[in-house]
Amino acid sequence: MRTENVDVAVVGGGPAGLAAASAASEAGAESVLLIERGERLGGILNQCIHDGFGTKMLGEALTGPEYAQIFIDRLSDAGVISNLDTMVLDLNSDRELTICNEDGIRRVKAGAVVICTGCRERTRGAIRIPGSRPAGVYTAGVVQEYMNMRNILVGRKAVILGSGDIGLIMARRLTLEGVKVECVAEILPHPSGLARNIVQCLDDFDIPLHLSTTVVEIHGTDHLRGITLAQIGPKGGVVRGTKRFIECDTLLLSVGLIPENELAKKAGIELSPVTAGPIVDDQFQTSVPGMFCGGNALQVHDLVDYASMESQKAGQSAAIFAGSGRLPAPSIPVQPGSGIRYVVPQALSGEEAVDFSMRVFNPEEDRYVVFRRDGRVVRRMKQTELDPAAMIRIRVRADRFKDGEGPLTVEVTD
Ligand SMILES: Cc1cc2nc3c(=O)[nH]c(=O)nc-3n(C[C@H](O)[C@H](O)[C@H](O)COP(=O)(O)OP(=O)(O)OC[C@H]3O[C@@H](n4cnc5c(N)ncnc54)[C@H](O)[C@@H]3O)c2cc1C
């Protein structure tokens with residue numbers, strides 16, 4: 001098998017991979033190879049024809065394909081080589097990738113690797129809905145691809161399970177295509193998507209949202225005939241007397257994304273049990289030297305802009321590693337405290353300002369996110385609204401936290 005050498009290899013040609021590859025090239029990496037298993041660059045954005053992409057980074061609300069095109073143009077300006085229809089099958093801790101396309105299998109030895117493999121959707125099997133197995137049960141991404149890229153309508157009457165942003169956006173999209181969306185059901189007592197999407201995708205179209213409610217049975221033999229909904233009590237059980245049948249030919253599951261990290265696992269990279277993505281430092285370097293990660297493979301993002309920003313940093317770091325090999329060493333651990341579900345990055349060098357991303361456990365109002373080191377408040381930021389669905393981003397200057405002995409902690413307080 002032939003082996004080719006590159007400075008930086010980027011796995012995945014979605015917005016994260018596009019940003020990482022051009023940043024690596026701009027930061028001085030001489031040969032940058034971007035590998036994408038799909039037939040075009042842009043990742044999930046190709047099927048997201050609604051607008052709302054780029055508001056933070058570009059100051060305008062673009063559609064997914066428009067946003068992706070800006071980064072595709074930057075990539076060709078930067079002279080990055082992209083291999084499409086090419087799958088990375090294996091990655092080892094020596095930064096060797098095994099790659100497959102119609103020409104066969106080859107090996108690439110990289111000076112540094114950036115993993116930008118995105119997410120996959122949770123399926124019916126992952127949430128174990130009982131009942132028969134008829135046609136008509138889809139994940140949101142599959143319906144989005146059918147409708148927006150192949151012009152295929154999957155049904156006429158739909159129920160959506162899951163009120164995350166993808167489920168909400170699909171409720172509006174299906175309605176605009178003439179499908180009757182009976183309702184969106186959400187097992188949690190609060191919506192999982194952003195408040196603006198509840199208004200723009202459900203309220204504006206009179207689509208009911210049933211909280212603390214889930215699908216407890218699927219009916220139909222060849223094709224879906226309907227589903228049974230039921231209310232879920234505070235202890236997680238079905239509330240007696242609340243089961244009701246809803247006739248529909250489509251059940252759309254929007255029940256979460258899982259970072260796609262099979263390659264990271266093969267390379268021996270340590271993953272966070274909370275984010276399911278690699279544990280990284282402020283250079284976006286993982287536990288294996290020379291391996292970096294960004295985008296949805298690192299943590300599920302609600303805004304693509306942040307996926308692009310952190311991946312740019314990952315790409316720059318990869319170029320430095322592949323060149324001199326010298327990156328600031330992480331010496332300060334970061335720990336989530338009360339009210340914080342996770343915080344990324346999980347370790348800091350103390351040499352530069354850091355943009356932290358985090359999510360909270362519960363919806364709350366008028367609280368503070370507080371960073372502390374050795375009991376000393378390093379940064380305190382008021383949050384009028386804390387929403388588990390919305391990623392929080394806070395920048396902290398290095399001079400605020402670099403001195404001290406213990407970890408940097410982040411918590412929600414009064
Ligand atoms: C329905 C939906 C609506 C959204 N709406 C918005 C919005 O309105 N505004 C907003 O800002 N954000 C939105 N987002 C979020 C945004 O799209 C994501 O944050 C972003 O796409 C993540 O980029 P990524 O590159 O990490 O992942 P992806 O876009 O998923 O790209 C990952 C790429 O890696 C490739 N890949 C994976 N494994 C391999 C392998 N082994 N070999 C080769 N290639 C591989 C995949 O084929 C894919 O192209 C939405 C997302 C979805 C799903």
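The values are calculated or read from the model by the stated rules, or taken from the named source; none is laboratory data. For clarity, every value in this text was computed on a predicted model and none was experimentally measured. FYI the Cβ positions are ideal-geometry reconstructions off the backbone, even for glycines, and counts take in every protein chain you see.
In segment 11-66, the qualifying residues are those that are near the ligand (Cβ under 9 Å from one of its atoms) and among the acidic types (Asp, Glu), and the one that is surrounded by the most Cβ atoms within 10 Å (Cβ to Cβ) is GLU36.
Mind checking which strands (runs of 3 or more DSSP E) fall wholly inside segment 152-234 and carry at least 2 residues that are within 16 Å of the ligand (Cβ to nearest atom)? Output list reads 157-161, 180-185.
Against the list (1) farther than 26 Å from ALA158 by Cβ; (2) within 16 Å of the ligand (Cβ to nearest atom), the condition GLY290 fails is (2).
Remark: GLY350 matches the filter, which requires a residue to be crowded, with 17+ Cβ neighbours inside 10 Å and either charged (D, E, K, R) or away from the ligand (no atom under 16 Å from the Cβ) (or both).
Taking the listed residues GLY236, GLY193, GLY268, GLY167, the one that is on the phi > 0 side of the Ramachandran plot and outside the structural domain of ARG95 (by TED's automatic domain parsing) is GLY236, with no other qualifying. Of the residues contained in segment 87-94, one or more are found to be of a type outside the set (Val, Ile, Thr), in the same structural domain as GLY13 (by TED's automatic domain parsing), away from the ligand (no atom under 16 Å from the Cβ) and without any contact (Cβ under 8 Å) to a residue 24 or more places away in the chain. When ALA110 is tested against (1) within 16 Å of the ligand (Cβ to nearest atom); (2) small (Gly, Ala, Ser); (3) assigned by TED's automatic domain parsing to the domain that holds ASP203, exactly one condition is not met: (3).
Here GLU270 does not qualify as within 8 Å of the ligand (Cβ to nearest atom) and either over 21 Å from PHE71 (Cα atoms) or not charged (D, E, K, R) (or both). Of all the numbered requirements in (1) closer than 19 Å to VAL280 by Cα; (2) touching a residue at least 60 places away in the same chain (Cβ under 8 Å); (3) out of contact with any strand residue (DSSP E or B) (no Cβ under 8 Å at 6 or more places or on another chain), ARG326 misses one, and that requirement is (2). The number of residues in segment 1-39 being of a type outside the set (Ser, Thr, Tyr), outside any strand (DSSP E or B) and touching a strand residue (DSSP E or B) at 6+ places or on another chain (Cβ under 6 Å) comes to 10. Among what's in segment 40-56 and is assigned to a strand (DSSP E or B) and not small (Gly, Ala, Ser), pick the residue that is nearest to ILE169 (Cα to Cα). Ranking the qualifying residues of segment 40-56, first place goes to ASP51. Can you say whether GLN69 is farther than 23 Å from LYS313 by Cα, among the polar types (S, T, N, Q), modelled with pLDDT of 95 or more and part of a helix (DSSP H, G or I), as far as the supplied structure shows? It is false that GLN69 is farther than 23 Å from LYS313 by Cα, among the polar types (S, T, N, Q), modelled with pLDDT of 95 or more and part of a helix (DSSP H, G or I). Looking across segment 119-141 at every residue that is within 11 Å of the ligand (Cβ to nearest atom) and in a helix (DSSP H, G or I), the one that is surrounded by the most Cβ atoms within 10 Å (Cβ to Cβ) is identified as ALA140.
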